[in-house]
Each structure stands twice: as C-alpha cells, then as structure tokens.
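The values are calculated or read from the model by the stated rules, or taken from the named source; none is laboratory data. Model, not experiment: these values are computed from the prediction. Virtual Cβ from ideal backbone geometry, glycine too; neighbours counted across all protein chains shown.
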Amino acid sequence: MILQELYDALYEQYNQVREGIHVSDITLCPREACFRRLDPKPLTNTDLNFFTSGKAIHEALQSLIRKDPDRFELEKEVKMGDIVGHIDIFDKKYHIPIEAKSARVKTMEEPKAHYLKQLEAYMTLTDSTKGIILVQCLLNYEDKPFLEFEHTMTDEQLDATREQLYKDAIQLKSGIMNMDPALVRHINYDLTLNWKCRYCPYAKPCEQMRISENAEEFNDTEVNKV
C-alpha cells in the first residue's frame with residue numbers, strides 16, 4: 001500500500017511538464033524521452049530504487065557543500081535556447097560543473113558513458129573546459145567508496161557537443177509536436193548506452209520503428225542502384 005503511494009508520487013514528479021527540453025532528456029535516449037512525454041507508463045520498483053539512491057547522494061553531498069555558498073552553487077540552472085539543465089554543484093571560484101553519482105559497483109576505473117555525456121552537456125552550457133564527476137561505489141565497504149574523476153574538453157569538443165545538443169533538442173521538439181517518436185534519435189546502436197534498452201518500457205515499439213527505418217533505407221539504396 002505504501003509502495004504504491006511512492007510509485008504514484010514518483011510518477012507525478014517524473015511526468016510533470018517541465019519548461020523547455022531538459023539536458024537529461026537528450027543526453028540519455030531522446031526517443032525514450034519523447035515516448036515518455038506522449039505515453040507515460042507506470043513506474044516500477046526499479047525506478048523507485050534508482051531515484052532514491054541517486055537522490056540520497058545528491059542531498060548528502062549538497063548538505064555538506066552548502067556551508068560555503070560563496071564558492072559553490074547548488075542545483076545551478078543553465079539554459080541554451082530551449083535546453084534547460086540543473087547542475088548538482090557548480091564551483092564558482094574555478095568555474096567547474098560537478099556531478100554526483102552513485103553506482104552499484106565495488107570500484108570504477110573510469111566514469112560511465114552516460115555520466116560523461118551529461119557532464120559534457122553541462123560543461124558546454126557553462127563554457128567550461130573542465131568538469132568533475134563524484135561517484136559513490138555502493139558495494140565498496142572498505143577503503144575507497146568515493147571516487148573523483150576530472151574530465152576536460154577542448155574548445156572544438158565543446159562546439160561539437162553544442163551542435164549535437166541543439167540537433168537533439170530540435171528533433172525531440174519535433175517528435176513531441178508531431179506525436180511521432182520515430183523522428184527522434186535512439187541509442188540502440190550505441191554500445192556504451194544501449195544497456196538502457198533492456199529496461200525501456202518502449203523497447204517493442206522502438207524496435208518496430210527501427211525495422212521500418214532500416215527497410216526504408218534499404219529500399220532507397222536499391223532505388224539509387226537502378
């Protein structure tokens with residue numbers, strides 16, 4: 001009974017209409033974000049688990065860092081056109097966006113791809129060539145459960161990320177306006193991110209869209225051969 005109340009509250013929070021296109025919508029799977037906007041699905045125990053563990057590290061670290069407001073800004077809002085993001089912690093002294101993550105691992109040699117994509121988006125939106133990811137390894141009960149990764153980008157990389165963000169935002173807006181997720185980029189062929197497809201509630205309709213897209217591409221190729 002209580003769990004259902006939590007599911008309902010999380011559903012309401014997840015599906016609240018937000019201003020603009022959020023960074024998380026276009027740095028993970030834009031097509032899934034389009035599906036969720038057009039056809040929200042009930043949330044699961046797994047969704048609740050991801051939410052609470054992620055929320056815990058954010059609130060814990062922010063409560064500690066809050067003691068130095070002159071240097072650190074919490075949940076800093078950044079915008080670029082219709083794109084909106086909220087950075088966990090922003091170091092105003094050194095102009096560095098900082099993202100806090102938790103992972104069910106004992107250790108981690110390098111940040112996960114989706115951690116980096118989100119950080120790179122925030123580095124681009126703040127025009128920062130350096131960013132930091134803090135990771136809490138939830139299965140490490142010994143020496144170093146917390147890890148810090150520094151990440152740098154060149155000006156050329158910032159420009160390329162900016163261009164991709166604009167492109168993905170335009171596609172997502174088009175998909176929502178036309179009620180057609182097929183217009184929006186998916187991540188199924190991205191080996192660093194397609195693990196999400198295993199848990200996606202829209203996996204089946206997305207697969208049918210990809211089959212149709214591949215068939216159209218094949219037919220176009222055959223026509224051009226003639």
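Table: residues versus (1) in contact with a strand residue (DSSP E or B) (Cβ under 8 Å, 6 or more places away or on another chain); (2) under 30 Å from PRO42 (Cβ atoms); (3) not hydrophobic (A, V, I, L, M, F, W, C).
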{"residue": "ILE133", "(1), (2), (3)": "yes, no, no"}
{"residue": "ASN140", "(1), (2), (3)": "no, no, yes"}
{"residue": "THR154", "(1), (2), (3)": "no, no, yes"}
{"residue": "ARG198", "(1), (2), (3)": "no, yes, yes"}
{"residue": "GLU207", "(1), (2), (3)": "no, yes, yes"}
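For the structure I just gave you, tell me whether GLY54 is small (Gly, Ala, Ser) and either on the phi < 0 side of the Ramachandran plot or crowded, with 18+ Cβ neighbours inside 10 Å (or both).
yes
Which number in (1) under 28 Å from VAL105 (Cβ atoms); (2) modelled with pLDDT of 95 or more marks the one condition that LEU138 misses?
(2)
Step by step: first the residues of segment 104-151, then only those that are surrounded by fewer than 14 Cβ atoms within 10 Å (Cβ to Cβ) and free of Cβ contacts under 8 Å to residues at least 24 places away in the same chain, then the one that is nearest to PHE50 (Cα to Cα). Which residue is that?
Step by step, filter segment 104-151, then rank; the result is PHE146.
Mind listing whichever residues of segment 34-67 are at pLDDT 90 or above and either under 22 Å from ALA103 (Cα atoms) or among the acidic types (Asp, Glu) (or both)?
ASP39
I need the strands (runs of 3 or more DSSP E) fully contained in segment 83-181, keeping only those with at least 3 residues that are among the hydrophobic types (A, V, I, L, M, F, W, C) and under 17 Å from the mean Cα position of the chain (by Cα).
Of the strands (runs of 3 or more DSSP E) lying wholly inside segment 83-181, those with at least 3 residues that are among the hydrophobic types (A, V, I, L, M, F, W, C) and under 17 Å from the mean Cα position of the chain (by Cα) span 83-91, 96-103, 130-137.
Would you point out the residue of segment 57-73, among those that are without any contact (Cβ under 8 Å) to a residue 60 or more places away in the chain and crowded, with 17+ Cβ neighbours inside 10 Å, that is farthest from GLU19 (Cα to Cα)?
Per the criteria, the residue is ILE65.
When segment 156-167 is examined, which residues are found to be touching a residue at least 24 places away in the same chain (Cβ under 8 Å) and either in contact with a strand residue (DSSP E or B) (Cβ under 9 Å, 6 or more places away or on another chain) or not β-branched (Val, Ile, Thr) (or both)?
Across segment 156-167, the qualifying residues are GLN157, LEU158, ARG162, LEU165, TYR166.
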